[in-house]
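Reviewing the structure listed below.
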Amino acid sequence: MDSAELQTKTLLLHALDAGKTVYVPRCHNKQTMDMIRLSGHDDLAGLAKNKWGIPEPGMEREAADPSVLDFVVVPGVAFDRNGNRCGHGRGYYDRFVASIPKAYSCAVCLSEQIVEDVPVDTFDRSPDTIVAPEGAIFAKNA
């Protein structure tokens, strides 16, 4: 995984310890992303790394019904204070977040990932909030 992107493993472990139901993404078919429920620490630790070095559930696992999701952590490469986000260019999260409009999306980033202006296209989706180490740098309807 790109070291310039915030690592979320600690966040996932904390959520599991707090009794939250946690799902992780699985990308396939070059355009599709779904979410797979984690059963615990061992399940997370046992995920094989995909071609990008990201731990990911295998295709034998059943995908969750997206309507059960109420909160989605959104990664990215760059973010701006207007709520724009640049991912890795494949649109997985943009399509997925657009498919679950009732879920709250929160992008997490490092301070180094905050830039003056992120170019966007019509299919790009802004997260509801962007959080950096210094706090929220963007929040819709704030």
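Each of VAL120, LEU13, TRP52 was scored by the projection of its Cα onto the charge dipole of segment 1-132, and the greatest displacement toward the positive side belongs to TRP52; charges sit on the C-beta of Lys, Arg, Asp and Glu.
For the peptides 129-135, 75-81, the ranking by packing is 75-81, 129-135, with the highest mean count of neighbouring Cβ atoms within 10 Å listed first.
Counting only pairs 8 or more residues apart or on different chains, how many lysine pairs in the chain have their Cα atoms under 16 Å apart?
Details: LYS9/LYS20; LYS9/LYS49; LYS30/LYS51; LYS102/LYS140.
Taking the chain as the scope, the lysine pair count is 4.
For segment 1-78, rounded, prolate or oblate, judged on the Cα gyration tensor with a ≥ b ≥ c (square roots of eigenvalues), a/c < 1.5 rounded, else prolate if a/b > b/c? The partial results should precede the final answer.
On the way: a/c = 1.30, a/b = 1.08, b/c = 1.20.
Rounded is the answer for segment 1-78, as its axis ratio a/c remains below 1.5.
Taking every C-alpha pair closer than 8 Å and separated by at least 6 residues, the mean separation divided by the residue count of segment 45-142 gives a relative contact order of 28 percent.
Would you mind getting the accessible area per residue of segment 48-113, heavy atoms of the protein chains only, 1.4 Å probe, in Å²? Working shown, then result.
Values: 3790 Å² over 66 residues.
Result: 57 Å² per residue.
Taking θ as phi - 60° and the Karplus parameters 6.51, -1.76 and 1.60, the scalar couplings of segment 61-68 work out to 7, 6, 6, 6, 6, x, 5, 7 Hz in sequence order, x denoting glycine and proline. Charged side chains reduced to their Cβ positions (Lys and Arg at +1, Asp and Glu at -1) give the chain a dipole of some 260 debye around its Cα centre. DSSP beta bridges fully contained in segment 41-128 are about 45 percent antiparallel. Solvent-accessible area of the chain (1.4 angstrom probe, protein heavy atoms only): carbon and sulfur portion equals 52 percent.
For n ≥ 4 DSSP H runs only, could you compute -39500 (n - 2.57) per run for the chain, divide by its residues and tell me the 222 nm figure to the nearest 500? Write down the numbers at each step before the final one.
Values: 3 runs with 22 residues, N = 142.
Calculated at 222 nm, the ellipticity per residue is -4000 deg cm²/dmol.
The values are calculated or read from the model by the stated rules, or taken from the named source; none is laboratory data. These numbers were taken from a predicted model, which means no experiment stands behind them. Counting neighbours? That spans all protein chains shown, and the Cβs are built from the backbone with ideal geometry, glycine included. Each accessible area value is taken on the protein alone, full model and side chains, heavy atoms only, with ligands, DNA and RNA left out. Shrake-Rupley method; radii C 1.70, N 1.55, O 1.52, S 1.80 Å.
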